[in-house]
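Notes follow once the structure below has been shown.
The values are calculated or read from the model by the stated rules, or taken from the named source; none is laboratory data. What you see is a predicted model; the values in this text were computed from it and never measured. Reconstructed Cβ throughout: ideal geometry from the backbone, glycine too, with neighbour counts over all protein chains shown. The area values use the complete protein model at the heavy-atom level, side chains included, leaving out ligands, DNA and RNA. Shrake-Rupley method; radii C 1.70, N 1.55, O 1.52, S 1.80 Å.
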Amino acid sequence: MSLPIDPEHRLPSDFVWGVATSAFQIEGAAHDDGKGESIWDVFCRQSGAIADGSDASVACDHVHRLDEDLDLIASLGVDAYRFSISWPRVQPQGWGPWSEEGLGFYDRLVDGLLARGIQPFATLYHWDLPQVLQTQGGWVARDTVHRFVDYARGVQRRLGDRLASIATHNEPWVIATLGHELGIFAPGQKSRAAAAQVSHHLLLSHGLALQALRADGATAPLGIVLNMSPQDPATPDPADQALAHLQDGRGLRWYMDPLLRGRYPEDVWADLGRDAPRMEPTDLAAIAQPLDWLGVNYYTRNVSSSAGPWDPAAHGLPVTDMGWEICPDSFHALLTRLHSDYALPPTYITENGGAFPDPVQADGLVHDHDRIDYLRTHIAAVVRAAQEGVPLAGYFVWSLMDNFEWASGYAKRFGIVHVDYATLARTPKASARAYRDALTRWRAGARA
Ligand code: PNW
């Protein structure tokens, strides 16, 4: 079985194919020399926070298996590897002294990628805030914005000349909404006002970091990664339509409008009422720094129903193991909509993939045909959008390997490489081979 990525010059010949991970989800080595605790280390100890009661102190033990994992990435034939840097591993208290052990780890990761001809795409913040900063108010506190800018400058000083790309934040909506409004992700707060303030501070820290890194002579292209789900009304009923529009405002326009147009969407601001964020007069201009690139993470669409939560499985629609509807047409619709509504910079699909049960078969292999199908149809949506003029520059599969899926623990598997958590053995699934073969064929066609 293969992924028929059509190679007929429909994508730029420098289109970047990659795989993605994040630090907390794979690294382990949570208590290694010099590393500080993150809010996720603490959150995992809260009873009931993680579905299987697990934590990520070992995870995939990536820190201690770096060379093996570098060879694994190289074996996939990808152009690029997207990873994140653990702030408390390199700056244990979130400010002040740096950890040489921590910085040295990322030095070896970046050099190991470059030695194998793989472009390092680094994300500065994929949710693991140093716990010391949380005790001082976390992202609700404006001070954290300045701590983040200092951290970004330190990383750039040490690694910047060797990175192919730097993202400030991964999915500010998830941090704000799941972490501070719904309380199902770290730090587990439940306040709409706190969430709104956090979203503003994340955007502001992004903009100020871009200014600072550019002033420091950054050479790597700078961007931000947003998660996006199209919002479809459950019925033509005006109440459902209005809800879908508001959900789109909260999830997509709330981030895209300040980044690309220098203002928050009025309808969402008005809906927040007294919960709207406090800001200073120059904040919006700071947020709207020119982006060298935009990252889009897509998994599913959302259906808005004024009658309450809408479950795709209950409507007979195909879903992944997360219960998320499999909907490649919505992916294509999202990309063309972004292109018509905004002046997009070069845009990368920084995450796309699916969780599936993935039983190991009698032959010891994982024949994950569901995942191959998911990747095939979603990559086809990307190719179609690119052909229609959407400025797409690359695509990253989530994820390189099975890992700690946040509040779901280890039960949900997104990897194209299987991880046996008893032995930590890595075994490429059928999807890994299909992806590699597709890239090989695409390159042959792109050169022709
Ligand atoms: C993203 N939602 O998280 C993250 O960037 C990854 O770290 C994660 O493993 C992956 O997607 C799969 O979950 C999300 O509920 C988590 O809308 C939740 C949502 C979206 C993205």
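Key figures for this structure:
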| item | result |
| --- | --- |
| Lys, Arg +1 and Asp, Glu -1 on Cβ, resulting dipole of segment 291-448 about Cα centre, debye, nearest 20 | 540 debye |
| Tensor-based shape of segment 200-326 (alpha-carbon gyration tensor, a/c under 1.5 rounded, otherwise prolate or oblate) | oblate |
| Relative contact order (percent, whole number), segment 73-153, Cα cutoff 8 Å, 6+ residue spacing | 39 percent |
| Which of 360, 217, 109, positive extreme of dipole for the chain (C-beta unit charges) | 217 |
| Charge dipole magnitude, Cβ of K and R +1, D and E -1 - segment 1-92, Cα centre, debye nearest 20 | 280 debye |
| Solvent-accessible area per residue for segment 92-214 (1.4 angstrom probe, square angstrom) | 32 Å² |
| Using distinct alpha-carbon pairs, which all enter the 1/r mean, Kirkwood radius of the chain in Å | 22.1 Å |
| Placed amide H near residue 123: partners under 5 Å, 5+ positions off or other chain | 83, 84, 85, 167 |
| Rounded, prolate or oblate (a/c below 1.5 giving rounded, otherwise prolate when a/b exceeds b/c) for segment 328-442 by Cα gyration tensor | prolate |
| Segment 146-195 and segment 374-448: distance between their alpha carbon centers, rounded to Å | 24 Å |
| Inter-part distance where segment 10-60 and segment 115-140 are each reduced to a Cα centre, Å | 10 Å |
| Under-5 Å amide H pairs with residue 35, H placed in peptide plane, nonlocal only | none |
| Cα-projected label distance for residue 192 with residue 443, points at 7 Å along beta-carbon direction, nm | 5.1 nm |
| In Å², nearest 10: area of residue 41 left accessible to a 1.4 Å probe | 20 Å² |
| Along each principal axis, Cα extent of segment 12-77, largest first, Å | 49, 26, 20 |
| Spin-label proximity, residue 135 to segment 30-54 - amide N less than 11 Å from point 7 Å beyond Cα toward beta carbon | 37 |
| Cβ-based charge dipole, the chain, positive-most Cα from 308, 423, 193 | 193 |
| Pairwise label distance in nanometres, residue 271 with residue 219, each label 7 Å out on the Cα-Cβ vector | 4.5 nm |
| Dipole-positive endmost among 165, 227, 34 within the chain (Cβ charges, Cα centre) | 165 |
| Rounded percent of accessible protein surface that carbon and sulfur make up, the chain, 1.4 Å probe | 52 percent |
| Rounded FRET efficiency, nearest 0.05, which uses the C-beta distance separating residue 74 from residue 261 and R0 of 45 Å | 0.65 |
| Dipole magnitude of segment 247-312, debye to nearest 20 (Cβ charges: Lys/Arg +1, Asp/Glu -1, about Cα centre) | 40 debye |
| Per-residue ³J(HN,Hα) for segment 424-429, Karplus 6.51 cos²θ - 1.76 cosθ + 1.60, θ = phi - 60°, Hz, x for Gly and Pro | 6, 5, 9, 10, x, 7 |
